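Engineer: Following this message is one structure expressed as structure tokens.
Since every read-out is calculated from the coordinates, none of them should be taken as a lab result. These numbers were taken from a predicted model, which means no experiment stands behind them. Note that we place each Cβ from the backbone using ideal geometry, even for glycine, and neighbour counts take in every protein chain shown.
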Amino acid sequence: MPKNNLLEKITALCKRRGFIFPSSGIYGGIAGIYDYGPLGVALAKNIKDLWWQDMVEKRTDMYGLDGSILMHPRSWEASGHVAGFTDPLVDCGDCQKRFRPDKLEGWKLKKDNQTGQFRVIKTGSLKCPVCGGRLIAKVRQFNVLMETSLGAIEGEKMKAYLKGESCQNIYLDFIDIVNSFSPKLPFGIAQIGKAFRNEITLGKFIFKTREFEQFDIEYFTRPQDSTRFYREWKKIRWDWYRKRLGLKEKNLRWRQHDEDERIFYAKDAWDIDYFYPWGWDELEGVHDRSDYDLTQHAKFSGKKLDIPDQETNQRIVPFIVECSGGVGRTMLAVLLDAYREEEGTNGIRVFLSLDVKIAPYKVAVFPLLANKAELIKKARSVYENLKDHFRVTWDEIGNIGKRYRRQDEAGTPWCVTIDYQSLKDEMVTVRDRDTMAQKRLAVARLADFFKKKLNS
Ligand SMILES: [Zn+2]
């Protein structure tokens, strides 16, 4: 069921209201790269802060990490990304554009879950969908790791990669954290970080981008306990999207990776999918990864990555339960979930019914008129008082109707208007985003009123 151009509407709203812009727009933009504007950075930060509080700070078994984007190139050989992190592609001999063959008519590919590479099962049309020219029949494996080089002297530079997935630092720093904190199994390491992929097929707004941010948990367990904690983390992560972020139940589902799709070392792999405008697609992967990652890095680095099990005193390589989500994908799901259109007396009202916890601004303060000094002065004092408690914005542009429309689209839960009556009775009008209900409240009670709502 297509959702009535919802993705186009969200994309336009994000640009109009300063959530998300195409990167380098004045140069014509660059495919699959976006900048987060003032509201986008606030929304993303609120989502990440909520994740960090819930997954790290409120738990006693989690350690935070902020690893660098540049890592030793050998780590990407150990992880399998240098050999197997590839997309199959065919080139057009005329316009030089590249395509994933399974996006072309009549082609079929199958992923080899030993190597991660794709094999062609059926070849199809060789007509270029862009220029109509002829595609070169040979399928090439195109590595999606982004390369860079380190060092100052040309010719002596070392080839390096931007992180293809953010979590890799966790495996490499695992032993440092064990040495510093002597944690007892099970325990986890969490990180929010950027990753880069030279994707061939883009589109779908911020769903798939070449530069993106991930939140990752690697939870280390005794081998015999991994299934139990895998089940536990599936529930924790589902509840986080459902109850903490408030995504609608009908837009979420579990999907198990089938045998073809699951990488050979994974014991089990499920994704939390979201119902995007183009259908069900991934939001987060929760995977039971066995001891593969630590064993690989031990082999390639020559360092021991086994640790003593405090109960049995035997040395073991822990198993890993991984929860890996995307910040951009989560933000897109949140925006899609919150988007509302309502038929009103002045046409269609658009608003974002964002959970108050993550809304970029909690309250907007308006003087009724922008050119009356006494109204401005009173409104300023209300603004100054509220901004010490939570994120508040000031708006005096255009009439009240236009300001409400702007704040509705920004997802601001409440608007406060200071009028002439306020100067006499110390009362202001508070308007609710979702119901548009208005009531008069005493200035002295405002901060407590909003704080109570934000904490409920
Ligand atoms: Zn072409």
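Engineer: Ranked by Cβ crowding within 10 angstrom, fewest neighbours first, how are Trp414, Trp394 ordered?
Structural biologist: The most exposed by this proxy come first: Trp394, Trp414.
Engineer: Same structure again: Gap in Å between the Cα centre of the stretch 149-203 and the Cα centre of the stretch 23-87?
Structural biologist: Computed from Cα coordinates, the inter-centre distance equals 11 Å.
Engineer: Continuing with this model, one more query. Rounded, prolate or oblate: which one fits the stretch 350-456, using the alpha carbon gyration tensor with axes a ≥ b ≥ c (rounded when a/c is under 1.5, else prolate when a/b beats b/c, else oblate)?
Structural biologist: oblate
Engineer: Given a Förster distance of 25 Å, report the FRET efficiency between Ser180 and Asn313 from their Cβ-Cβ distance, rounded to the nearest 0.05.
Structural biologist: 0.75
Engineer: On a full-extension model of 0.36 nm per residue, what is the gain between Lys387 and Asp35, subtracting their alpha-carbon distance, rounded to one decimal in nm?
Structural biologist: 124.1 nm
Engineer: Continuing with the same structure: Along the charge dipole of the chain, Cβ charges K/R +1 and D/E -1, which of Gln256, Leu185, Cys95 sits furthest on the positive end?
Structural biologist: Cys95
Engineer: Let me ask another. Calculate the FRET efficiency for Ser68 and Met158 from the Cβ-Cβ distance with a Förster distance of 25 Å, rounded to the nearest 0.05.
Structural biologist: For Ser68 and Met158, the calculated efficiency is 0.95.
Engineer: Same structure again: Per the helix-only calculation at 222 nm, which mean residue ellipticity applies to the chain, given -39500 (n - 2.57) for every DSSP H run of n ≥ 4 and division by its residues, nearest 500 deg cm²/dmol?
Structural biologist: Computed ellipticity for the chain at 222 nm equals -8500 deg cm²/dmol.
Engineer: Quick one: work out Rg over Rh on the C-alpha atoms of the stretch 1-115, Rh as Kirkwood radius.
Structural biologist: With Rg and the Kirkwood Rh in hand, the quotient comes to 1.06.
Engineer: Using a 7 Å offset from the Cα along the Cα-to-Cβ direction at both Arg405 and Ile26, what is the distance between the two label points in nm, to one decimal?
Structural biologist: Between Arg405 and Ile26, the simple spin-label model gives 2.8 nm.
Engineer: Filter Lys235/Lys453; Lys362/Lys452; Lys103/Lys138; Lys157/Lys304 down to the pairs with a C-alpha to C-alpha distance above 19 Å, please.
Structural biologist: Table pairs above 19 Å Cα-Cα are Lys235/Lys453; Lys157/Lys304.
Engineer: Another question about this same structure. Percent relative contact order of the chain, based on C-alpha pairs within less than 8 angstrom and at least six residues apart?
Structural biologist: 13
Engineer: Right, here's the next one. What is the magnitude of the charge dipole of the chain about its Cα centre, with +1 placed on the Cβ of each Lys and Arg, -1 on the Cβ of each Asp and Glu, and no other charges, expressed in debye to the nearest 20?
Structural biologist: For this selection, approximately 1200 debye.
Engineer: Under unit Cβ charges (Lys, Arg +1; Asp, Glu -1), what dipole magnitude, rounded to 20 debye, does the stretch 134-256 have relative to its Cα centre?
Structural biologist: I would put it at about 1020 debye.
Engineer: May I ask for the net charge around Val130, where only other residues with Cβ less than 11 Å from the Cβ of Val130 are counted and Lys, Arg are +1 while Asp, Glu are -1?
Structural biologist: Counting the neighbours of Val130, the net charge comes to +2.
Engineer: Hey, another quick one. Rounded to the nearest 0.05, what FRET efficiency is calculated for Ala12 and Asp306 with R0 set to 56 Å and r the Cβ-Cβ distance?
Structural biologist: 0.55
Engineer: What do you get for Rg/Rh of the chain when both radii come from the Cα atoms and Rh is the Kirkwood radius?
Structural biologist: We get a ratio of 1.03 for the chain.
Engineer: Note the angle between two axes, namely the Cα long axis of helix 400-410 and the longest principal axis of the Cα atoms of the chain, as a number of degrees from 0 to 90, rounded to the nearest 10.
Structural biologist: 20
Engineer: Sorting Ser79, Ser290, Ser149 on the 10 Å Cβ count, fewest up front, what's the list?
Structural biologist: Fewest to most other Cβ atoms nearby, the residues stand as Ser149, Ser290, Ser79.
Engineer: Moving to a separate point now. Expected output is a single nm value to one decimal: the length gained when fully extending between Ile200 and Gln224, i.e. 0.36 nm times separation in residues minus the C-alpha distance. What is it?
Structural biologist: 4.6 nm
Engineer: Any chance you could check the Cα centroid distance between the stretch 349-365 and the stretch 206-284 for me, in angstrom?
Structural biologist: Between the Cα centre of the stretch 349-365 and that of the stretch 206-284, the gap is 27 Å.
Engineer: Here's something else I'd like to know. Could you tell me how many degrees, from 0 to 90 and to the nearest 10, lie between the Cα long axis of helix 292-301 and the main elongation axis, the longest principal axis, of the Cα atoms of the chain?
Structural biologist: So the helix axis and the longest Cα principal axis differ by about 60 degrees.
Engineer: Within a Cβ distance under 15 Å of Thr227, other residues only, what is the Lys/Arg minus Asp/Glu net charge?
Structural biologist: Combined, the nearby Lys, Arg, Asp and Glu give +1.
Engineer: Can you pull the one-decimal nm distance between simple spin-label points at Lys138 and Asp260, each 7 Å off the Cα toward Cβ?
Structural biologist: Each label point lies 7 Å from its Cα, and together they span 2.7 nm.
Engineer: Normalised by the number of residues in the stretch 255-364, what is the relative contact order in percent for Cα pairs under 8 Å and 6+ residues apart?
Structural biologist: Taking the mean separation of contacting Cα pairs over the length of the stretch 255-364, I get 18 percent.
Engineer: With angles folded into 0 to 90 degrees, how steeply does helix 446-455 sit against the dominant principal axis of the chain? Use alpha carbons for both and round to 10.
Structural biologist: 30
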